[in-house]
Amino acid sequence: MSIQQAYNQWASSYDSDRNRTRDLDQQVMQQLLQGQQYQAILELGCGTGKNTQFFSTIGAAVVGLDFSSGMLEQARSKINAQHVQFQQADLTKTWPVAKAYFDLVVTNLVLEHLADLDHFFARASQALTPNGQLLISELHPFRQYQGSQARFQVQHGQIEVPAFTHHISDFVRAAAKQGLQLSQLHEYWHTDDANQPPRLLTLSWHK
Ligand SMILES: C[S@@+](CC[C@H](N)C(=O)[O-])C[C@H]1O[C@@H](n2cnc3c(N)ncnc32)[C@H](O)[C@@H]1O
């Protein structure tokens with residue numbers, strides 16, 4: 001099953017499934033960005049709009065891209081605001097967005113599904129305004145080393161969504177190639193994660 005097909009199938013239960021990584025990511029975004037204000041936010045792989053709702057409170061304009069029509073349908077049913085726009089787009093191809101326009105480009109739990117980080121960081125950097133911020137939040141690669149990946153329950157078992165392992169150094173190198181300046185790196189644990197490796201990795205750069 002392709003990544004796109006998997007998310008179309010997962011869409012209707014994505015928000016209600018038990019998913020500590022999804023929940024932790026939502027908390028962390030609010031913790032990191034609460035109180036900030038942005039002119040234009042580009043959210044890559046917005047999914048069901050779990051974080052878009054919050055981004056819409058800190059951005060004068062928000063654009064959410066995703067290639068799954070099922071996930072976008074959920075997002076659109078949840079968020080109906082004039083300053084929020086959703087668009088179907090494949091992040092491995094050309095992004096249908098203006099260059100040098102967004103003062104925050106953000107992505108959550110998406111990069112494990114993209115093989116080519118260079119393409120991603122080049123496009124993200126193009127979309128940023130001078131001094132704009134790129135923020136990524138990902139399943140920590142330490143968890144991937146232990147076999148974790150995006151997966152969901154269906155009637156007859158589990159579907160694992162195809163994923164790639166990117167090491168921390170891969171993110172750092174791909175961003176440095178675009179001249180982005182690393183400003184923050186954080187690791188997070190869910191309250192259920194005692195004695196486990198970190199669950200989430202966030203990295204933030206400025207252009
Ligand atoms: C784990 S979900 C995360 C959704 C949302 N960001 C969140 O934190 O809940 C991953 C999302 O990435 C999207 N995605 C994966 N590969 C993509 C690609 N090549 N282009 C666009 N979207 C993609 C999927 O459709 C899915 O909505």
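If you check Asp118, Asp103 for being of a type in the set (Asp, Glu), in contact (Cβ under 8 Å) with a residue 24 or more places away in the chain and out of contact with any helix residue (DSSP H, G or I) (no Cβ under 7 Å at 6 or more places or on another chain), only one passes: Asp103. Scanning segment 29-52 for residues that are more than 22 Å from Ala98 (Cα to Cα) and within 12 Å of the ligand (Cβ to nearest atom) yields Met29, Thr48, Lys50. The set of residues from segment 130-183 being of a type in the set (S, T, N, Q), assigned to a strand (DSSP E or B) and open to solvent by 80 Å² or more (accessible area, probe 1.4 Å) comprises Asn131, Gln153, Gln158, Gln181.
Going through segment 88-97 one residue at a time, which ones are open to solvent by less than 50 Å² (accessible area, probe 1.4 Å) and either more than 15 Å from Ile41 (Cβ to Cβ) or more than 13 Å from the ligand (Cβ to nearest atom) (or both)?
Ala89, Asp90, Leu91, listed by residue number.
Among the candidates Gln85, Gln36, single out the residue that is open to solvent by 60 Å² or more (accessible area, probe 1.4 Å) and part of a strand (DSSP E or B). The conditions single out Gln85.
Only residues that are among the hydroxyl-bearing types (Ser, Thr, Tyr) and open to solvent by less than 80 Å² (accessible area, probe 1.4 Å): list them for segment 184-203, please.
Listed by number, the residues that qualify are Tyr188, Thr202.
For segment 3-20, taking the residues that are within 10 Å of Gly70 (Cα to Cα) and in contact with a Ser or Thr (Cβ under 7 Å, 6 or more places away or on another chain), the one that is nearest to the ligand (Cβ to nearest atom) is identified as Tyr7. Only residues that are touching a Lys or Arg at 6+ places or on another chain (Cβ under 7 Å), open to solvent by less than 60 Å² (accessible area, probe 1.4 Å) and not charged (D, E, K, R) were counted across segment 10-33, and they come to 2. If the condition is being more than 13 Å from the ligand (Cβ to nearest atom) and on the phi > 0 side of the Ramachandran plot, then segment 98-147 contributes Ala100, Asn131, Gly147. Among the candidates Leu109, Leu72, the residue that is in contact with a Cys (Cβ under 9 Å, 6 or more places away or on another chain) and buried (at least 20 other Cβ atoms within 10 Å of the Cβ) is uniquely Leu72. When segment 14-73 is filtered for residues that are in contact (Cβ under 8 Å) with a residue 60 or more places away in the chain, among the hydrophobic types (A, V, I, L, M, F, W, C) and farther than 29 Å from Pro130 by Cα, the ones remaining, listed by number, are Leu24, Met71.
The values are calculated or read from the model by the stated rules, or taken from the named source; none is laboratory data. Because the structure is predicted, anything quoted here is derived from the model rather than measured. Ideal geometry is used to build each Cβ from the backbone, glycine not excepted, and the neighbour counts take in all protein chains shown. Side chains are part of the model used for accessible areas, which takes the heavy atoms of the whole protein and leaves out ligands, DNA and RNA. Shrake-Rupley method; radii C 1.70, N 1.55, O 1.52, S 1.80 Å.
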